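Inspection log for the structure reproduced underneath, given as structure tokens.
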Amino acid sequence: MRQLQVFVAASRARSFSDAASKLGISQPSLSGTIGKIEEQLGFRLFDRTTRSLLLTADGRDLAALAEDLVRDFEAALRGIAARSAGKRGRVSIAVLPSIAAAVLPQALSAFAREFAEIDLTVHDVLQDRAVNMLRDGIVDFAVTTQTATYPELEFNELATDPFILVCRRNHPLAQQKIIRWRAAAEYPFIALSPNTSVRRFADAAMAQAHAAVRPRYEVELIASAVNLVAAGLGITALPGLTLATFRAAKVVVRPLEEPTIHRSLGILKLKERSLSAPARFLHEHVAVSLASASRVVLQSNRKPSKVG
């Protein structure tokens, strides 16, 4: 590429001395480079006289091609430099839908202020999909629960998220300060689909409580579960951070115990992949938001509360 840059500079100049001056090299060095190019190609690129420097017909053809190659190469270098400096580029992350509303708004606002020219893609997907997207290099990092061990991944735990009962205000369980899982199993239960991490935690809690529960309803979305609760069709159990997704629902929440179930939350990334400056910035702010949201949930879970 350096030889092409020298040739392009020479093709634009009136003499080798002018071209050498623009490139910041000596004229003999430039002449030697042009000579090597002509030797490799097997034809002359310039007709040289004592007063002028003219491209041959072959030289003009090569100059047209070289101009495009050098321009594209220099544009690519500028683009890489801009991305490295955080002025251009794209950041992609994966995040569990059950925590996105609680964690992302504050972090994304800070990112938008700092990196207005950076495109950002947020994939709110389930746990298995988030892990696969990270392993395939589609996202820079993922905000998830603790996952199975993969040698190429590292998980940084940042928060714990307790499970809570969600019921209508006039439900019998709403009169109690703390609910046991076994007691919750006695009422129509609204569960998330089996492929969600929330469902796996809830099933594990019921098994530990030796409570046999068959969901009356199964839904894909947290909002759907809460709306069914608000309609009086049953109760559900959700992680505390999901409260941010249904503040308008006329329901109450209560701590669940025996067993007390917490899910570990954090950021998952590839061990050998360094993050760009914008991705590092977002990583840091998501970590702060996640830890802060978790503290709020843990404090509110110490006393009964209503939502909406």
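The values are calculated or read from the model by the stated rules, or taken from the named source; none is laboratory data. A quick note: this is a predicted structure, and the numbers were derived from the prediction, not measured. All Cβ positions, glycine included, derive from the backbone under ideal geometry; neighbour counts span all protein chains shown. For accessibility, only protein heavy atoms count, side chains too; no ligands or nucleic acids. Shrake-Rupley method; radii C 1.70, N 1.55, O 1.52, S 1.80 Å.
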Kindly indicate whether any position in segment 112-120 is assigned to a helix (DSSP H, G or I) and either more than 24 Å from Gly266 (Cβ to Cβ) or open to solvent by less than 30 Å² (accessible area, probe 1.4 Å) (or both). yes
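Only one of Val139, Val213, Val143 is buried (at least 19 other Cβ atoms within 10 Å of the Cβ) and not in a loop (DSSP other than H, G, I, E, B). Can you tell me which? Lay out the reasoning, then the answer.
Values: Val139 fails: not in a loop (DSSP other than H, G, I, E, B); Val213 fails: not in a loop (DSSP other than H, G, I, E, B).
From the options Val139, Val213, Val143, the qualifying one is Val143.
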Between a first residue in segment 291-308 that is closer than 18 Å to Ala101 by Cβ and modelled with pLDDT of 60 or more and a second residue that is surrounded by 14 or more Cβ atoms within 10 Å (Cβ to Cβ) and charged (D, E, K, R), which pairs have beta carbons less than 7 Å apart while being 6 or more apart in sequence or on different chains? Ser294/Asp161; Val297/Asp161
Just to be sure I understand the filter: pairs with C-beta atoms under 9 Å, separated by 6 or more residues or on different chains, first member in segment 6-17 and without any contact (Cβ under 8 Å) to a residue 60 or more places away in the chain and over 15 Å from Ala64 (Cβ atoms), second member in a loop (DSSP other than H, G, I, E, B) and open to solvent by 20 Å² or more (accessible area, probe 1.4 Å). Which pairs pass? Val6/Ile25; Arg14/Ser52; Ser15/Arg51; Ser15/Ser52
For Ala64: the one exception among (1) at pLDDT 80 or above; (2) open to solvent by less than 30 Å² (accessible area, probe 1.4 Å); (3) out of contact with any helix residue (DSSP H, G or I) (no Cβ under 8 Å at 6 or more places or on another chain): (2)
Residue in segment 153-175 that is of a type outside the set (Gly, Ala, Ser), open to solvent by less than 30 Å² (accessible area, probe 1.4 Å) and within 24 Å of the chain's Cα centre (by Cα) present: yes
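Do we have Thr149 as free of Cβ contacts under 8 Å to residues at least 12 places away in the same chain and either assigned to a loop (DSSP other than H, G, I, E, B) or exposed (fewer than 14 other Cβ atoms within 10 Å of the Cβ) (or both) here?
yes
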